[in-house]
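The values are calculated or read from the model by the stated rules, or taken from the named source; none is laboratory data. Keep in mind that what you see is a predicted model, and the values were worked out from it rather than measured. In this analysis, Cβ positions are derived from the backbone assuming ideal geometry, glycine residues included, and neighbour counts consider all displayed protein chains. The accessibility values were calculated without ligands, DNA or RNA, using every heavy atom of the protein model including side chains. Shrake-Rupley method; radii C 1.70, N 1.55, O 1.52, S 1.80 Å.
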Amino acid sequence: MYVLAVDDERNMLDELVTELQKVFPRAQIHGEMETSSASEWIQRLAEENQRLEYAFLDIRLCGINGLEFAKQIKTLHP
């Protein structure tokens, strides 16, 4: 199982990833601070026919808000 966490504040991202590891101990948790890096990772998953199960996104991200980014994610991983 693949889980994505995106937050542009390092301390918040670290805390989120830590908590997600507790909730999903068998999952591969991927944390990113930038949506561009997260998009690249999501694209690689799609190319490898892997499925993104969950995405935890900060609402206020640099350059785009979390809701807009969620729409982009949904096109690759409905």
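Considered as a group, the residues in region 24-73 that are assigned to a helix (DSSP H, G or I) and either open to solvent by 100 Å² or more (accessible area, probe 1.4 Å) or basic (K, R) (or both) include one that is nearest to Y2 (Cα to Cα), and that residue is R44. Taking region 1-23 as the range and being part of a loop (DSSP other than H, G, I, E, B) and in contact with a strand residue (DSSP E or B) (Cβ under 9 Å, 6 or more places away or on another chain) as the test, the residues that pass are M1, D7, D8.
Which residues, counting only those in region 1-23, are open to solvent by 40 Å² or more (accessible area, probe 1.4 Å) and not hydrophobic (A, V, I, L, M, F, W, C)? I'd like the intermediate steps shown before the answer.
First, pick out the residues of region 1-23 that are open to solvent by 40 Å² or more (accessible area, probe 1.4 Å): 1-2, 8-12, 14-16, 18-19, 21-23.
Residues satisfying the conditions are Y2, D8, E9, R10, N11, D14, E15, T18, E19, Q21, K22.
Among the residues of region 46-66, the one identified as out of contact with any helix residue (DSSP H, G or I) (no Cβ under 6 Å at 6 or more places or on another chain), within 18 Å of V17 (Cβ to Cβ) and acidic (D, E) is E53. Among residues of region 2-18 that are closer than 27 Å to A46 by Cβ and in contact (Cβ under 8 Å) with a residue 24 or more places away in the chain, those with a beta-carbon under 7 Å from a residue that is open to solvent by 40 Å² or more (accessible area, probe 1.4 Å) and among the basic types (K, R) at least six positions away or on a different chain give the pairs Y2/R51.
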